[in-house]
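Only one structure is covered here, and it is reproduced in the block below.
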Amino acid sequence: MYRITVIGGGIVGTYIAMELAKQHKDVLLVEKEGELSQVQTIHNSALVHSPVMVPKKKGVLKAQLAWEGNRAYQEMAPKWHIPVFQNGGLLLAGNVDEEAMLERIIAEAKADGITAFERLSQKEIRKREPGLRPHIRSGLLLPSAFSADTTALTKAVAKEAVNRGAEIRRRSGVTAIETGNDGFTVYTEDGGQFQTTFLVNAAGLASETIASMVEHHVPYRSRAVKGEYLVLGRHAKDWFQHILYPIPTHETKGVLVIPQPDGTTRLGPTSTEIHRTDQAGMTVEGERLIKQEIERFIQPPYEHVVNKYAGVRSSLHEQDDFYIARSKECDNFIHVAGIDSPGVTAAPAIARYVSETLLAPVLKS
Ligand SMILES: Cc1cc2nc3c(=O)[nH]c(=O)nc-3n(C[C@H](O)[C@H](O)[C@H](O)COP(=O)(O)OP(=O)(O)OC[C@H]3O[C@@H](n4cnc5c(N)ncnc54)[C@H](O)[C@@H]3O)c2cc1C
């Protein structure tokens, strides 16, 4: 019998298991794949976002957890030797309208109490990033933005979870859940079954399916939003000194240039809602869009493209914010759903929120 089981070994579920194992015995993490973090957590931009890029208008809980997460990584990354690329980000304005939008972003950030940014003139921007197109007028330095090796990160978090006594089962996709008086019986695709008092559902794109094994009315509807990327190899390493952001739209942060700790550079992501798993790969249209958007501020050396890939965001219909809450039908079941971007950034703070705000009151009672 386990006390608490976390379903889903992406960065979020792994962090939650580690946080819970700090205070509780008999914590189990179950993951469907043969390795942790193989779904959203590695098919993304791998950015720990600056708080400026996560305003409260995109969701108060999302913003709060992303800001806390950003602070947590700054302390944790050096301690755990997680490879990071830490030159900061540049948010770029290419015309008068974009400069006006940049001013609005600054005003919103100040209203949200965020001060970790620096306004840069055209001259200052060009000094930092000489390869930018001449029409770039000005920008914002985001010193707390960095990219991180998310595989190394998840491994480090998993190791710490195990050191604290948690058990991790791989190749254990959950196929059915029976709700009893004192908890749950969970069935897995390897033919196994076990009992647990509490369940935390952090299964990313599969969260709605898992929740429907417990609840009659799942309180959210999942939405899959694909993001495509081109990857430049290490030979293009010195072309970009910073993470380059365009002015974001209401829907997305736009197509970015994202140098990685291993010397490669990701160009992307696009943003397209998909309805079937066979739509989850790279497309010619996606590649065209990436190039069109990136070339607005820089001409990348495409001869160094070494890889292309797509990731699928686990978003929700009719809500931008994360859905992290105790089930209204069953007190022992915790939803961690709609963890799209910036879920990597927010993961340490999501874990604390689940442990301290949602589970602590029921675990004490
Ligand atoms: C294109 C794109 C760009 C992004 N860029 C960024 C970024 O730059 N910065 C940032 O902070 N965030 C970013 N994100 C968001 C971030 O990647 C996610 O929020 C984060 O990885 C979510 O982690 P997770 O653990 O919730 O989900 P996942 O990593 O998807 O993990 C869920 C896990 O559940 C497992 N699972 C599924 N079904 C079952 C089952 N039945 N039983 C057991 N296990 C199961 C899966 O195998 C998977 O390992 C991006 C996402 C995408 C797609």
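The values are calculated or read from the model by the stated rules, or taken from the named source; none is laboratory data. Predicted model, so just to flag it, every value in this text is computed and none were measured. Cβ coordinates were reconstructed from backbone atoms using ideal geometry, including for glycine residues, and neighbour counts include every protein chain displayed. Quick note on the areas: whole protein, heavy atoms, side chains included, nothing else; ligands and nucleic acids left out. Shrake-Rupley method; radii C 1.70, N 1.55, O 1.52, S 1.80 Å.
Computed from label points 7 Å out along Cα-Cβ, the spacing between residue 221 and residue 38 is 3.1 nm.
Which of rounded, prolate or oblate describes the range 1-53 when judged by the alpha-carbon gyration tensor and an a/c cut-off of 1.5?
Details: a/c = 4.05, a/b = 1.58, b/c = 2.56.
It is oblate, given that a/c is not under 1.5 and a/b is not larger than b/c.
Using the Cβ of residue 124 as centre and a radius below 13 Å, the other residues enclosed give a net charge of +4, where K and R count +1 and D and E count -1. Comparing mean-square fluctuations of 274, 82, 243 from a GNM of the chain with C-alpha springs under 10 Å, the top value falls on 274. Taking every DSSP beta bridge that has both ends in the chain, the antiparallel portion is near 75%.
For the range 147-194, what is the accessible area per residue in Å² when the probe is 1.4 Å? Write out the running numbers ahead of the final one.
Values: 2460 Å² over 48 residues.
Per-residue accessible area for the range 147-194 comes out at 51 Å².
Accessible area ranking (1.4 Å probe, heavy atoms, ligands and nucleic acids excluded), largest first, for 80, 239: 239, 80. Under a Gaussian network description of the chain, with springs only between Cα atoms under 10 Å, the residue in 158, 72, 145 that fluctuates furthest is 72.
Measuring how big the range 1-98 is from its alpha-carbon positions, Rg and Dmax come out at 17.0, 62 Å.
Using a 1.4 Å probe on the protein heavy atoms, what percent of the accessible area of the range 89-131 belongs to carbon and sulfur? Mind dumping the intermediate values first?
Numbers: 1290 of 2440 Å².
Whole-percent figure for carbon plus sulfur exposure: 53.
Taking the alpha-carbon centroid of each part, what is the distance from the range 302-329 to the range 154-173 in angstrom? If you average the Cα positions of each part, the centres end up 23 Å apart. Starting from the 7 Å offset along Cα-to-Cβ, what nm value, one decimal, do you get for the label separation of residue 179 and residue 360? The two pseudo-label positions are separated by 2.6 nm.
Keeping the other protein chains in place, figure out the carbon and sulfur percent of the accessible area of the range 213-365, with a 1.4 Å probe. Intermediate values should be presented prior to the final figure.
Working: 3350 of 6800 Å².
Roughly 49 percent of what the probe reaches on the range 213-365 is carbon or sulfur.
Each of 213, 175, 309 was placed along the dipole of the chain (beta-carbon charges, centred on the mean Cα), and the one lying farthest toward the positive end is 309. Ordered from largest to smallest accessible area (heavy atoms of protein chains, 1.4 Å probe), the residues 309, 73 come out as 309, 73.
Using the Cβ of residue 3 as centre and a radius below 10 Å, the other residues enclosed give a net charge of 0, where K and R count +1 and D and E count -1.
Place a +1 charge on the Cβ of each Lys and Arg in the chain and a -1 charge on the Cβ of each Asp and Glu, then give the dipole magnitude about the Cα centre in debye, rounded to the nearest 20. Please list the in-between numbers first.
Details: 42 positive and 43 negative charges, 167 e Å.
Dipole magnitude for the chain comes out near 800 debye.
Computed with a 1.4 Å probe over protein heavy atoms only, the accessible surface of the range 251-308 comes to 51 Å² per residue.
If you take every residue apart from residue 331 with its C-beta less than 15 Å away from the C-beta of residue 331, what net charge results, scoring Lys and Arg +1 and Asp and Glu -1? Before the final figure, lay out each step's value.
Working: positive: 3, 326, 328, 364; negative: 182, 215, 329.
Every neighbour counted, the sum reads +1.
How fast does the chain diffuse by Stokes-Einstein, in µm²/s, taking the Kirkwood radius from C-alpha pairs at 4 °C and 1.567 mPa s? It comes out at roughly 61 µm²/s.
Above 26 angstrom, tally the Cα pairs of the range 132-258 and express them as a % of all pairs, no decimals. Beyond 26 Å sits 51 percent of the P(r) for the range 132-258. Cross-link partners among lysines for residue 226, C-alpha distance below 27 Å, same-chain residues fewer than 8 apart left out? Excluding near neighbours in sequence, the set is 32, 56, 57, 58, 62, 155, 237, 253, 291, 308.
Taking the Kirkwood radius as the inverse of the mean 1/r across Cα pairs, report the Rg/Rh of the range 49-103. All intermediate terms of the calculation are to be shown ahead of the outcome.
Numbers: Rg = 14.4 Å, Rh = 13.3 Å.
Radius of gyration over Kirkwood radius for the range 49-103 works out to 1.09.
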